[in-house]
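Q: Submitted below is the structure of interest, expressed as structure tokens.
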């Protein structure tokens, strides 16, 4: 069910690809379907495409798919960025960062002419917050940063919020590709996502947070019957 919905969303996003484009490649299971499909489309249609991966994982997938890759500094234009999301609100606001690539994803999404989000129905929510909010923080003084996060969130009505440094299955800290820690904040409900993003990003030690506010130009939700496309 869920996998086919992800594939439907990815296939719909492939219809936006044009010859000569520079494309941002997102990170995660839904973005992986797009990357694999893009490789097929390039081969079958003989397209000239350059792509920028947002993580080492997406880099590896793209190379396997035969996609020509460049680094962001090698282009002045990103025509299209396609990425998944952990949650999508009715307003088009997002929580991203489950794959620990939120900073690079946000850099490319912000720079792209068109940022398209692909997801299955389970990611569509009326209000953000059920999925823990990823916050990327510097390793230096991380305990102080976590304390500052807790204090700020308490002041915003999130007293007793659970903050946890993300670990992998081996028990080691998960690091972003930039070498930063990821803190997951279990907020339950985010009433004011715009204000929260601003407040989080003002804390020294916070690199960025997984709130993507007003950035999506289009959201494509794969459903059991087809796709639901939302434009913003």
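The values are calculated or read from the model by the stated rules, or taken from the named source; none is laboratory data. Predicted model only: the values in this text are computed from it and were never measured. Cβ atoms come from the backbone with ideal geometry, glycine included; neighbour counts cover every protein chain shown.
Q: What are the residues in segment 165-191 that are free of Cβ contacts under 8 Å to residues at least 24 places away in the same chain and not in a loop (DSSP other than H, G, I, E, B), if any?
A: 165, 167, 173
Q: Go through segment 16-135 and tell me which helices (runs of 4 or more DSSP H), entirely inside it, have 2 or more residues that are not assigned by the TED database to the domain that holds residue 221.
A: none
Q: Only residues that are surrounded by 12 or more Cβ atoms within 10 Å (Cβ to Cβ) and out of contact with any strand residue (DSSP E or B) (no Cβ under 9 Å at 6 or more places or on another chain): list them for segment 39-55, please.
A: The answer is 39, 40, 41, 43, 47.
Q: Turning to a different aspect of this structure: Among residues belonging to segment 68-85 that are within 30 Å of residue 120 (Cβ to Cβ) and without any contact (Cβ under 8 Å) to a residue 40 or more places away in the chain, point out the one that is surrounded by the fewest Cβ atoms within 10 Å (Cβ to Cβ).
A: Once the filter is applied, the top-ranked residue is 68.
Q: Continuing with this model, one more query. Do we find that residue 157 is modelled with pLDDT of 95 or more and either farther than 22 Å from residue 189 by Cα or in a loop (DSSP other than H, G, I, E, B) (or both) in this structure?
A: Against the criterion (modelled with pLDDT of 95 or more and either farther than 22 Å from residue 189 by Cα or in a loop (DSSP other than H, G, I, E, B) (or both)), residue 157 does not qualify.
Matching residues to (1) modelled with pLDDT of 95 or more; (2) outside the structural domain of residue 98 (by the TED database); (3) within 22 Å of residue 119 (Cβ to Cβ); (4) surrounded by fewer than 18 Cβ atoms within 10 Å (Cβ to Cβ):
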| position | (1), (2), (3), (4) |
| --- | --- |
| 172 | yes, yes, no, yes |
| 179 | yes, yes, no, yes |
| 183 | yes, yes, no, no |
| 188 | no, yes, yes, yes |
| 194 | yes, yes, yes, yes |
| 198 | yes, yes, no, yes |
| 201 | yes, yes, no, yes |
| 218 | yes, no, yes, no |
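Q: Spot the failing condition for residue 140; the list is (1) exposed (fewer than 13 other Cβ atoms within 10 Å of the Cβ); (2) part of a strand (DSSP E or B), and only one is missed.
A: It is condition (2) that residue 140 fails.
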